[in-house]
Amino acid sequence: MSSELSVKIRNITVGGGAPVSVQSMTNVSSRDEDALIRQIEELQEAGCQIVRISIPDEESAETLAKVRKRTEMPLVADIHFDHRLAIKAVNAGADKIRINPGNIGSDEKVREVVRAAKDAGIPIRVGVNSGSLEKNILERFGGVTAEGLCESAVRNLERLEDMGFDDLVVSLKSSDVAMNYEATRLVSMRTPHPIHIGVTEAGTLRRGIMKSAVGIGALLMAGIGDTMRVSLTADPVREVRLAQDILEAAGLREKAYDLVSCPTCGRTEIDLVSLAEEVDGALAGMSLRPGIKIAVMGCVVNGPGEARSADYGVAGGKGKGVIFSRGEILRTVPEKDIVAELVRAIREGESGK
Ligand code: SF4
């Protein structure tokens with residue numbers, strides 16, 4: 001149930017049945033051209049498809065024009081309050097702008113922004129946040145509510161539609177996962193425009209991972225959302241990795257590989273937690289057959305049998321590890337060689353496929 005309408009952000013289609021795209025936001029200075037390019041390249045490497053840059057002042061808008069010339073990454077300019085900066089960002093080559101029409105001001109100012117976007121042929125994301133709800137909506141709905149967020153988003157979309165503009169994306173974000181879910185669900189029933197999903201101010205890494213996995217995951221599982229941003233108080237590369245993990249877990253993107261590991265028990269005689277992390281790190285650097293399943297198990301007695309469905313695996317013992325494939329034991333290796341030997345078994349086994 002992707003959105004009916006679609007927009008194009010440079011080479012990426014959002015909505016209309018296109019796969020859910022992953023975006024992130026730079027956190028280096030928007031005035032530092034080289035730092036922006038470096039971060040955009042890192043994000044691209046991690047699988048990011050659209051990058052948003054905040055444009056707080058003129059110098060940032062000028063930097064955006066320079067960055068535009070050095071990357072093909074679709075760039076979104078994030079603008080608050082100042083319609084002239086929005087127009088400058090459009091002229092600097094932004095592929096989309098994100099505004100909250102409510103804080104841009106008068107109809108005439110919003111109209112100028114709309115005209116610039118229309119002339120450039122780029123979409124606008126109408127972004128509504130729980131922290132910036134209009135006073136009359138707060139009064140009508142008795143504070144910040146999902147219904148109020150939805151109402152504000154619909155009104156802002158209509159405001160732009162009434163100006164003859166419909167190249168639109170909408171987002172509603174709250175740091176309250178349940179409210180975020182309900183507001184986005186309500187707006188998905190009231191608009192055909194593509195929906196950008198995410199949980200705002202998700203918090204530190206641990207909390208952010210949990211809030212985003214539940215908040216974004218629930219929406220995706222309900223078929224809602226055309227593009228997504230995970231928001232973490234951490235390196236944005238982590239946001240992109242987590243976004244891919246959420247898409248994989250929701251079944252919307254093929255897993256690069258599936259790593260299964262046992263919960264450990266009294267039979268475990270090896271540091272399985274570290275071993276599983278090490279194996280995961282080694283696999284991440286390999287080019288693998290999509291969907292391949294690798295197991296990291298705690299004991300030789302039950303490990304290979306319990307993980308019979310795994311293409312390859314290791315079962316730990318005291319100071320050693322047993323490498324197996326589809327339940328069959330291949331060889332026993334010293335503990336220090338486990339990861340290298342597992343990688344070798346995968347390479348050998350896969351070379352003829
Ligand atoms: Fe315990 Fe072995 Fe099963 Fe892991 S594989 S849970 S160590 S019995």
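The values are calculated or read from the model by the stated rules, or taken from the named source; none is laboratory data. Predicted model, so just to flag it, every value in this text is computed and none were measured. Cβ coordinates were reconstructed from backbone atoms using ideal geometry, including for glycine residues, and neighbour counts include every protein chain displayed. To get the accessible areas, we keep the full protein, side chains included, count just its heavy atoms, and leave off ligands, DNA and RNA. Shrake-Rupley method; radii C 1.70, N 1.55, O 1.52, S 1.80 Å.
Taking the range 284-353 as the region of interest, the strands (runs of 3 or more DSSP E) fully inside it that hold 3 or more residues being open to solvent by less than 10 Å² (accessible area, probe 1.4 Å) are 293-297, 312-317, 320-325.
Among residues of the range 18-34 that are farther than 13 Å from A77 by Cα, those with a Cβ under 6 angstrom from a residue that is among the polar types (S, T, N, Q) and in a loop (DSSP other than H, G, I, E, B), sequence gap 6+ or separate chain, pair up as S21/Q49; V22/Q49. With respect to G298, is the statement that it is in the same structural domain as D337 (by TED's automatic domain parsing), within 11 Å of the ligand (Cβ to nearest atom) and in contact (Cβ under 8 Å) with a residue 40 or more places away in the chain true? For G298, the condition - in the same structural domain as D337 (by TED's automatic domain parsing), within 11 Å of the ligand (Cβ to nearest atom) and in contact (Cβ under 8 Å) with a residue 40 or more places away in the chain - is not met. If you go through the range 245-263 and keep only what is surrounded by 15 or more Cβ atoms within 10 Å (Cβ to Cβ) and within 16 Å of the ligand (Cβ to nearest atom), you end up with L259, V260, S261, C262.
Put simply, of R98, R115, R125 the only residue that is modelled with pLDDT of 95 or more, surrounded by fewer than 20 Cβ atoms within 10 Å (Cβ to Cβ) and not in a loop (DSSP other than H, G, I, E, B) is R115.
When you scan the range 140-147, do you find a residue that is touching a residue at least 40 places away in the same chain (Cβ under 8 Å) and at negative phi, even just one?
Let us first name the residues in the range 140-147 that are touching a residue at least 40 places away in the same chain (Cβ under 8 Å), namely 146.
Of the ones still in play, those that are also at negative phi are 146.
Looking for residues that are touching a residue at least 40 places away in the same chain (Cβ under 8 Å) and at negative phi, one finds at least one in the range 140-147, hence yes.
Restricting attention to the range 264-295, the residues that are over 28 Å from the mean Cα position of the chain (by Cα) and either within 8 Å of the ligand (Cβ to nearest atom) or within 13 Å of G313 (Cα to Cα) (or both) add up to 6. Check the range 310-319 and report whether any residue there is out of contact with any Gly (no Cβ under 6 Å at 6 or more places or on another chain) and either more than 16 Å from the ligand (Cβ to nearest atom) or assigned by TED's automatic domain parsing to the domain that holds I224 (or both). There is at least one residue in the range 310-319 that is out of contact with any Gly (no Cβ under 6 Å at 6 or more places or on another chain) and either more than 16 Å from the ligand (Cβ to nearest atom) or assigned by TED's automatic domain parsing to the domain that holds I224 (or both). Does S106 satisfy the criteria of being without any contact (Cβ under 8 Å) to a residue 24 or more places away in the chain and polar (S, T, N, Q)? In short, yes. List every residue pair whose Cβ atoms sit under 8 Å apart, with the two residues 6 or more apart in sequence or on different chains, where the first one lies in the range 302-328 and is acidic (D, E) and the second, anywhere, is assigned to a loop (DSSP other than H, G, I, E, B). Pairs found: E306/C262; D311/I292; D311/R326.
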